[in-house]
Amino acid sequence: MRVGVHLVSFDLPGGPPAIGPTLARVGEAAERAGIANLSAMDHYLQIAGMGVGDADSPMLEGYTTLAYLAAHTSSVELQLLVTGVTYRHPGLLGKVVSTLDVLSGGRAVLGLGAAWYEREHAAYGVPFPPLKERFERLEETLQIVAQMWGPDDGPYAGRHYQLAATICSPQPLRPVPVMVGGGGEKKTLRLVARYADACNLFAGPRSPADAVAAKLEVLRGHCEREGTDYDRITKSVLWAGPLDPTSEAGGRTFAEQLEAYAAVGVTAVHVMPWGGDPTVFVEALGRHVVPRLADLG
């Protein structure tokens with residue numbers, strides 16, 4: 001099982017001047033530790049109530065952060081978990097992600113979701129359409145980026161977006177994997193089946209392995225109806241349960257918890273450093289977690 005690190009807090013020892021140097025160390029540590037994926041949240045305000053600060057706590061813009069991490073890594077994939085569809089026009093999003101892919105040597109992943117954090121939309125004057133419309137925009141965005149990263153650079157005419165051309169030069173260096181985040185059974189997992197290469201579900205005490213298995217069965221059904229290959233889709237989880245990677249016992253306990261998820265088809269897990277210097281967390285993952293999860297397949 002592959003391990004990703006999801007960066008959720010930038011309230012670091014040393015304050016804002018320490019953020020850049022710390023992220024550079026995180027990238028270098030991730031390479032040494034065998035981390036497969038580095039991700040950040042696509043938020044402009046910290047999520048109040050998450051346990052890592054309030055709305056006025058430090059938060060970095062996501063794609064700028066990934067570009068910085070690209071310069072301090074050489075092999076890990078880079079993505080937002082996940083990009084909110086409301087924050088960037090899809091044509092520009094296609095350019096942003098293709099630029100990240102080119103500059104990182106072919107390591108970009110596009111994670112995409114319908115967005116939900118109304119507070120930051122209001123704070124920055126970003127329109128926040130009703131949920132139904134956000135899902136319509138999500139589907140059109142998936143169609144637009146697929147066209148931009150393919151041979152057809154002609155126009156796109158949708159209900160919400162109209163592009164006179166879908167030129168994207170330079171093209172990504174590889175087919176950019178597309179992840180649709182979330183476990184909504186009627187809409188989200190249908191979009192995974194129709195357009196995506198990966199899905200991401202929650203795991204932990206509130207989403208045990210049998211709950212994830214049930215979601216994956218729904219996804220399988222959507223794939224059958226869409227005529228797409230269920231097995232092509234990478235199944236990953238974001239771990240929301242307790243995790244102490246700093247000891248051998250903690251790493252062993254976590255690996256034992258992940259066995260049940262591996263048994264239902266999960267092949268990647270994203271874990272979050274909640275506070276302090278995330279470099280310490282990443283280094284501990286390399287010692288006590290990554291080798292054990294590699295044995296899960």
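The values are calculated or read from the model by the stated rules, or taken from the named source; none is laboratory data. Remember, predicted model here, so these are calculated numbers, not experimental data. A quick note on method: Cβ atoms are made from the backbone with ideal geometry, for glycine too, and the neighbour counts reach across all protein chains shown. With ligands, DNA and RNA removed, areas are computed over all heavy atoms of the protein, side chains included. Shrake-Rupley method; radii C 1.70, N 1.55, O 1.52, S 1.80 Å.
With a cut-off of 14 Å on the backbone N, the residues of segment 50-84 near the modelled label site 7 Å out from Ala122 along Cα-Cβ are 55. In order along segment 166-178, phi translates into HN-Hα couplings of 10, 6, 9, 10, x, 6, x, 6, 9, x, 5, x, 10 Hz, rounded to whole numbers, per the Karplus curve 6.51 cos²θ - 1.76 cosθ + 1.60 with θ = phi - 60° and x for Gly and Pro.
Rolling a 1.4 Å probe over the protein chains gives Thr234 an accessible area of about 60 Å². Ser169 contributes an accessible area of around 90 Å² to the protein surface, as traced by a 1.4 Å probe with all chains present.
For segment 119-177, which whole-number percentage of the solvent-accessible area (1.4 Å probe, protein heavy atoms only) is attributable to carbon and sulfur atoms? The value for segment 119-177 is 59 percent carbon and sulfur by accessible area. Across the options Ala108, Val8, Tyr68, the greatest Cα extent toward the positive end of the charge dipole of the chain (unit charges at beta carbon of Lys, Arg, Asp, Glu) belongs to Ala108. Just checking the listed ones, Glu61, Glu140, Glu77: in the Gaussian network model of the chain with Cα springs under 10 Å, the one fluctuating most is Glu61.
Packing, taken as the mean count of other beta carbons within 10 Å per residue, orders the peptides 150-161, 185-196 from highest to lowest as 185-196, 150-161. For Phe202, the residues whose modelled amide H falls within less than 5 Å of its own, excluding neighbours fewer than 5 places apart on the same chain, are Leu238. Sorted largest first by accessible area at a 1.4 angstrom probe radius, with every protein chain in place, the residues Lys215, Lys132 fall in the order Lys132, Lys215. The count of lysine pairs in the chain whose Cα atoms are under 20 Å apart, excluding pairs fewer than 8 places apart on the same chain, comes to 7. Once both labels are positioned 7 Å from their Cα atoms along Cα-to-Cβ, the gap between Ala240 and Glu61 label points is 2.9 nm.
Using a simple spin-label model with pseudo-atoms 7 Å out from Cα toward Cβ, Leu92 and Glu259 lie 5.0 nm apart. For segment 199-297, the list of chymotrypsin sites (Phe, Trp or Tyr not before Pro) that fall in a loop by DSSP and count at most 15 other C-beta atoms within 10 angstrom reads Trp274.
Two tests apply to each whole DSSP H helix in the chain, Cα reach of 24 Å or more along its axis and mean Kyte-Doolittle hydropathy of at least -0.5, and the ones passing both are 131-148, 209-226. I want to check the label-to-label distance for Arg159 and Glu226. Put each point 7 Å from Cα in the C-beta direction and report it in nm to one decimal. The answer from the label model is 1.8 nm. Phi angles of segment 266-275 translate, via the Karplus equation with coefficients 6.51, -1.76, 1.60 and θ = phi - 60°, into HN-Hα couplings of 6, 10, 8, 10, 10, 10, 10, x, 8, x Hz per residue; Gly and Pro are given as x. The alpha carbons of segment 86-195 stretch over 34, 28, 26 Å along the principal axes, in descending order. Taken along its three principal axes, the alpha carbon spread of the chain comes to 55, 45, 36 Å, from the longest extent down to the shortest. Count Lys and Arg as plus one, Asp and Glu as minus one, and take only other residues whose Cβ is under 14 Å from that of Pro21; the net charge is then -1.
Taken per residue, the accessible surface of segment 95-188 reaches 49 Å², heavy atoms only and a 1.4 Å probe.
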